[in-house]
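The values are calculated or read from the model by the stated rules, or taken from the named source; none is laboratory data. Because the structure is a prediction, the values reported are computed rather than measured. Backbone-built Cβ (ideal geometry, glycine too); neighbour counts: all protein chains shown. When the accessible area is computed, the model is the full protein with side chains, heavy atoms only, and any ligands, DNA or RNA have been set aside. Shrake-Rupley method; radii C 1.70, N 1.55, O 1.52, S 1.80 Å.
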Amino acid sequence: MTYTKFYIGKIGELILKGSNIKTFEKQLVANTKAYLKNVSARVSLMAGRLYVECDDEAQERVEFALSHLIGITGWAEAVIVEKNIEAIKQEVLNEAIKARDNGAKTFKLESRRSDKSFPYDHYGICSEGASLAYNQKILDVDVKNPDVVIMVEVRDRCFVYSNRTKGRRGLPVGVSGKGLLLLSGGLDSPVAGYRMLRRGMTIDAVYFHAYPYTSDEAREKVEHLAEILSGYGLRIHINTIPFTEVQMQIKKKSPENYTTLMLRLCMMKAANMLAERIGASCLITGESLGQVASQTIENMSCTESMAEYPLLRPLVGTDKEEIVEIAKEIGTYETSILPYEDCCVLFSPRHPVLRSSVEEAQKIYRELEVDDLVREAFEKREIKLYEV
C-alpha cells in the first residue's frame with residue numbers, strides 16, 4: 001500500500017543499551033503500533049530512526065501517538081526525495097518557502113549522512129543543499145539563531161524535514177516492570193506516575209475514596225487523571241477502594257495529630273495487597289520532601305515502614321513550581337486544580353505530627369485495630385480500564 005504521509009522519529013537513550021537494544025526497540029515499535037491499532041499505518045525502525053507511514057485520514061492519530069510516545073527525543077513529518085543533490089536542493093527550497101509563508105525570516109540547514117557512498121559529505125550537503133533557497137532570497141541564512149532548521153538525512157533513503165517536535169524521551173513503556181501508583185486528585189501523584197512511565201515502567205493506579213465525605217466529582221476527577229496518563233502509558237487500570245469506614249475508625253481511635261499519618265499507613269497496607277494481586281514490583285507516590293506535614297523525612301520513614309514493596313518517590317527532590325510545570329506539559333494541571341478535595345484534605349488535623357518515630361507510629365497503628373476494615377475495603381474495590 002502507498003501512503004501519503006511519512007513521519008520520522010529519533011530515538012535517544014535507547015542507543016546506550018548495547019547488546020540489549022533490540023529488546024528496547026521491539027518494545028518501542030510495539031507501543032507505536034498500539035497507538036495506531038485502529039488506523040491504516042506502517043511502523044518500522046532502523047538505525048536509530050522510527051518511521052511511520054500513513055494516509056491522510058490517519059494523520060491526526062499518528063501525530064497524537066508521536067507526541068505521547070515515550071522513547072523518542074523528537075519527531076517530524078518528512079518528505080522522501082531521490083538520493084541526489086538536485087532533489088535535495090529542490091525540497092530544501094520547498095521547505096524554505098513554507099517556512100517563509102509561515103513568517104520565518106532566516107534558516108539553517110543541517111545534515112546527517114549515514115550512507116557514506118553518497119558523494120557529498122556533511123558540509124557539501126549543507127552548502128549545496130541550501131543554495132537554491134539562498135540564491136533565490138527565500139530566506140536569509142543564520143547559523144546561530146535561525147527561525148527554522150531544515151534537516152537533510154541521507155540513509156537508505158533521503159529525508160528532508162523541518163519543525164521537529166520535541167519528543168517525550170525516556171525508555172519505552174513496558175521495559176521496566178510494573179508499578180502501582182497511589183493516585184490522588186492533586187498535582188503531585190499524576191506527575192510522579194508520568195515520571196515512572198518515562199523510565200519504562202507500566203503502571204496501574206489505586207485511589208482511596210471516602211464517600212460521602214468526598215464527592216463523586218472528586219472520584220471522576222481522579223479517573224480523568226488516570227485517563228490522561230493512559231495517553232502516555234497505553235493502558236491503566238484504576239482501582240477505587242472505598243475507605244470511609246477505615247477513615248472513621250482512624251478518626252475514632254487515633255490521636256488527632258496522627259490521623260493523616262495513620263491514613264497513609266492504612267493506604268500502604270491496602271496498596272501492598274493490591275500490588276500482590278496485580279503483580280506489581282513497587283509502589284509509587286507523589287511525595288516531595290518537606291512539602292506537607294506527612295512528608296517530613298521522619299513521617300515518610302513511618303509510611304515506608306508499612307510498605308512491603310520498594311517505595312518509589314520520583315518527586316522527592318522537586319519543588320511545587322517544577323511539579324506544576326510538568327503537570328501543565330502533560331495535560332494534568334487543569335484537572336488537578338479542580339476544587340474537589342480528596343479524603344486526605346478533608347480529614348486533616350489542625351496540628352499534624354511533624355516528626356513521628358517509626359516505633360510510635362506502629363504502636364498507634366496497632367491500637368487502631370483497623371486491619372480487617374482495610375481488608376474489607378480492598379475486597380470491595382472497583383476497577384476501570386483506560387487505554388489508548
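From the alpha carbon centroid of the range 121-194 to that of the range 356-377 is 51 Å.
Using the structure shown, list the pairs from K251/K363; K10/K116; K5/K328; K105/K166 with a Cα-Cα distance above 25 Å, or answer none. Over 25 Å Cα-Cα: K5/K328. Heavy-atom accessible surface of the range 52-169, averaged per residue, reaches 51 Å², computed with a 1.4 Å probe. Bridging of K17 to aspartates and glutamates at a Cα separation below 17 Å is possible for E25, once same-chain residues fewer than 8 apart are set aside. For the chain, averaging the sequence separation of C-alpha pairs within contact (under 8 Å, six or more residues apart) and dividing by the residue count gives a relative contact order of 17 percent.
Taking amide H as placed 1.01 Å from N in the peptide plane, T318 has its amide H under 5 Å from the amide H of L289, each at least 5 places away in sequence or on another chain.
Working note: Karplus 6.51/-1.76/1.60 with θ = phi - 60° gives the range 38-46 the couplings 9, 10, 8, 7, 10, 10, 8, 9, 8 Hz, where Gly and Pro are set to x.
Comparing L69, L50, L338 in a Gaussian network model of the chain where C-alpha atoms under 10 Å apart are linked, the largest mean-square fluctuation is found at L338. In this simple spin-label model, placing a label point 7 Å from the Cα along the Cα-to-Cβ direction at both E376 and E128 gives a separation of 8.1 nm. Working from label points 7 Å from Cα in the Cα-to-Cβ sense, the D140 to Y211 distance is 6.5 nm.
Available extension along the chain between L354 and E308 is 14.2 nm, counting 0.36 nm per residue and deducting the alpha carbon span.
With every protein chain kept in place and ligands, DNA and RNA left out, what is the accessible area per residue of the range 197-292? Probe 1.4 Å, answer in Å².
35 Å²
Remark on I72: its backbone amide H falls under 5 Å from those of R168, R169, a criterion applied only to residues 5 or more positions apart or on other chains, H modelled at 1.01 Å from N. Annotation for K320 and E276: the two label points, set 7 Å from Cα along the Cα-Cβ direction, are 3.8 nm apart. If you work out Cα Rg over 2.2 N^0.38 Å from the coordinates, which of (i) 0.93; (ii) 1.22; (iii) 1.35 do you get? Of the labelled values, this structure produces (ii).
Helix 358-368 against the longest principal axis of the chain: what's the angle in degrees, Cα atoms only, rounded to the nearest 10? On a 0 to 90 degree scale, this one is about 60.
Can you give me the C-alpha center-to-center distance between the range 53-103 and the range 195-251, rounded to a whole angstrom? First find each Cα centre; the distance between them is then 38 Å. Determine, from the Cβ-Cβ distance of D101 and M1 and an R0 of 35 Å, the FRET efficiency 1/(1 + (r/R0)^6), rounded to the nearest 0.05. E between D101 and M1, to the nearest 0.05, is 0.65. For the chain, the mean residue ellipticity at 222 nm estimated from helices alone is -12500 deg cm²/dmol, where every DSSP H run of n ≥ 4 contributes -39500 (n - 2.57) and the total is divided by all residues, rounded to the nearest 500. In the chain, the DSSP beta bridges split such that about 60 percent are antiparallel, to the nearest 5. Relative contact order of the range 1-93, taken over Cα pairs closer than 8 Å and 6 or more residues apart, is 40 percent. The 3J(HN,Hα) values that the Karplus relation (6.51, -1.76, 1.60; θ = phi - 60°) gives for the range 95-111 are, in residue order, 5, 5, 5, 4, 5, 4, 5, 8, x, 6, 10, 10, 8, 9, 9, 10, 8 Hz. Gly and Pro appear as x. For C282, the residues 5 or more places off, or on other chains, whose built amide H falls under 5 Å of its own are L180.
Averaged over its residues, the range 309-388 has an accessible area of 63 Å² per residue, based on protein heavy atoms and a 1.4 Å probe.
Per-residue SASA remark: I97, around 50 Å² accessible (1.4 Å probe; ligands, DNA and RNA not included). Highest mobility in the GNM of the chain, judged by mean-square fluctuation with C-alpha springs under 10 Å and restricted to N102, N84, N20, is found for N102.
Note on the chain: with neighbouring protein chains present and a 1.4 Å probe, carbon and sulfur make up 48 percent of its accessible heavy-atom surface.
Whole-Hz Karplus values for the range 2-7 come out as 9, 9, 9, 10, 9, 10 Hz, taken residue by residue from phi with 6.51 cos²θ - 1.76 cosθ + 1.60 and θ = phi - 60°; glycine and proline positions read x.
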